[in-house]
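A short worksheet on the structure shown next.
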Amino acid sequence: MNAIDRPDRLVGTLIGDPSWVDAIAAIGKAEDLSFAQKRHWSTSLRQTGRYLDRPLSAIPTRIAAIGPAIRKLHPATLGVNPKTFLNHRANVRAALLWFNRQTPGCGCKALMDPCYRSLLEQVPNRHARDMLSPFFRFLSAHGVRPDDVRDSHLEAFIAYRKERSF
């Protein structure tokens, strides 16, 4: 039995994608940031996580992954001062740009098992390959072989995507 067969084990970051918790920890330890930057960036990450109504551990640090959700936020609907909201948004962007430069190789870069890579190469439709790739990386990260894939693995992947995607 692997971790996917036990949904309670699907907690935290998966397939090498750091979260805002990781960014806050890195900011706190950074020697190249001022005390004010550390405080403002960490506060803004936490507050924006509240605005998004997501646990910080489930928010990816890739700006492309969270940008659309942040752009949908509006200070009036959140009941906050527009200037405060813009400051938080700017701080989040600065913090994530800094964090992603400090941690090369982060993001959705889990290695795909060669057996999944060969299966993917057999799919002629590029769109279908693009849709299968994240699932194959997810399975590879959990050590699931192609012959062992079950419905529970797909359900775990869907739950993971719902939790980590916007």
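FYI, it's all coordinate maths here, none of it is from the lab. From a predicted model like this one, the values you see are computed outputs, not experimental measurements. Here the Cβ is made from the backbone with ideal geometry for all residues, glycine too, and neighbour counts use every protein chain on show.
Figures for the structure shown
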{"item": "Length released on extending from Arg50 to Arg129, taking residue separation times 0.36 nm less the Cα-Cα span", "result": "24.9 nm"}
{"item": "Charge context of Arg71, other residues only, Cβ under 14 angstrom, K/R +1, D/E -1", "result": "+3"}
{"item": "Shape of region 34-107, Cα gyration tensor, a/c cut at 1.5", "result": "oblate"}
{"item": "Label-point gap, in nm, between Arg145 and Leu97 - each point 7 angstrom along Cα→Cβ", "result": "4.8 nm"}
